[in-house]
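Take a look at the structure below.
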Amino acid sequence: MKTTIFNTPLITPALRGLFRFSLRVLGWRVVGQLPDIPKFVIIGAPHTSNWDFVMFLALVFILKAKVRYMGKKELFYWPYGWFFRWCGGVPVDRSKPHGLVEQTVHAIQEADHFQLVITPEGTRSLVGKWKMGFYHIAKQAGIPVSTGFVDSVTKTTGIGPTFTLTDDMEADVEAIKAFFKDKVGINPKKTSELGIDNSD
């Protein structure tokens, strides 16, 4: 398996211990478990501040996930490309006509194991709708969608239910949204309304 920040000897255990200690001091808990399957999409929400990202990162390390993310190919050029790859990045060419979804699906199909993390809000700013790229990727790749969350009310970060997608997109999305309905990010004012943006 490719070496990333999530499976590097000495460094990964040290970061895992740091996150465990930090969450304990802050009074946060990690709940749930990763699905025991080789490939899945993890959507992370809500994404309202940089601290939400830190909590998600703590979750990834503590549960020993080996997540990947898709990034524009320019990030992976010399001299910093090695760093983004080490952090789990997979380059994609946004200028190609077959698009981000198809390239991501291809990368998933070529791998034996692939835990793809996506934030459907796409930004820390307040947005009215979720972007649906995560759904199209999971559906075309034939893999389920797992739910990673942060909830500042209960001071928990964790993994919720995993959804096997059907041919009824509306019902699938409504079920996923229902799980996140009561989750509140670190900055509650920027929690999205969980609408749908089908532009991607």
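Hey, any hits in region 16-33 for a residue that's among the charged types (D, E, K, R), under 16 Å from the mean Cα position of the chain (by Cα) and either surrounded by 18 or more Cβ atoms within 10 Å (Cβ to Cβ) or within 30 Å of S152 (Cβ to Cβ) (or both)? Write out each step before concluding.
Step one: list which residues in region 16-33 are among the charged types (D, E, K, R), which gives 16, 20, 24, 29.
Going one step further and asking which of them are under 16 Å from the mean Cα position of the chain (by Cα), we end up with none.
Within region 16-33, not a single residue is among the charged types (D, E, K, R), under 16 Å from the mean Cα position of the chain (by Cα) and either surrounded by 18 or more Cβ atoms within 10 Å (Cβ to Cβ) or within 30 Å of S152 (Cβ to Cβ) (or both).
Going by the structure shown, is W51 out of contact with any Pro (no Cβ under 6 Å at 6 or more places or on another chain), assigned to a loop (DSSP other than H, G, I, E, B), aromatic (F, W, Y) and on the phi < 0 side of the Ramachandran plot? Answer is no for this residue.
Can you give me the number of residues within region 149-164 that are part of a loop (DSSP other than H, G, I, E, B) and crowded, with 20+ Cβ neighbours inside 10 Å? Walk me through it before giving the result.
Start the filter on region 149-164 by keeping residues that are part of a loop (DSSP other than H, G, I, E, B), which leaves 152-155, 164.
After this cut, where a residue has to be crowded, with 20+ Cβ neighbours inside 10 Å as well, the list is 152.
Looking only at that region, the number is 1.
The residues of region 20-48 that are within 20 Å of Y135 (Cα to Cα) and not in a loop (DSSP other than H, G, I, E, B), listed by number, are K39, F40, V41, I42, I43, G44, A45.
What tally of residues in region 172-186 results from selecting those that are assigned to a loop (DSSP other than H, G, I, E, B) and out of contact with any Asp or Glu (no Cβ under 7 Å at 6 or more places or on another chain)?
Of all residues in region 172-186, those assigned to a loop (DSSP other than H, G, I, E, B) come to 181-186.
From what's left, out of contact with any Asp or Glu (no Cβ under 7 Å at 6 or more places or on another chain): 181-182.
Of the residues in region 172-186, 2 are assigned to a loop (DSSP other than H, G, I, E, B) and out of contact with any Asp or Glu (no Cβ under 7 Å at 6 or more places or on another chain).
With respect to the stated conditions, T48 fails to be among the β-branched types (V, I, T) and out of contact with any Gly (no Cβ under 8 Å at 6 or more places or on another chain).
Does region 74-89 contain at least one residue that is in a loop (DSSP other than H, G, I, E, B) and closer than 23 Å to E174 by Cα?
no
For beta carbons closer than 8 Å, sequence separation of 6+ or different chains, a first residue in region 54-80 that is closer than 17 Å to I37 by Cβ and touching a residue at least 12 places away in the same chain (Cβ under 8 Å) and a second that is crowded, with 16+ Cβ neighbours inside 10 Å and basic (K, R), the qualifying pairs are K64/R16. Residues that are at pLDDT 95 or above and under 30 Å from I11 (Cβ atoms) are absent from region 119-131.
The values are calculated or read from the model by the stated rules, or taken from the named source; none is laboratory data. Here the structure is a predicted model, which means the values were calculated and not measured. Virtual Cβ from ideal backbone geometry, glycine too; neighbours counted across all protein chains shown.
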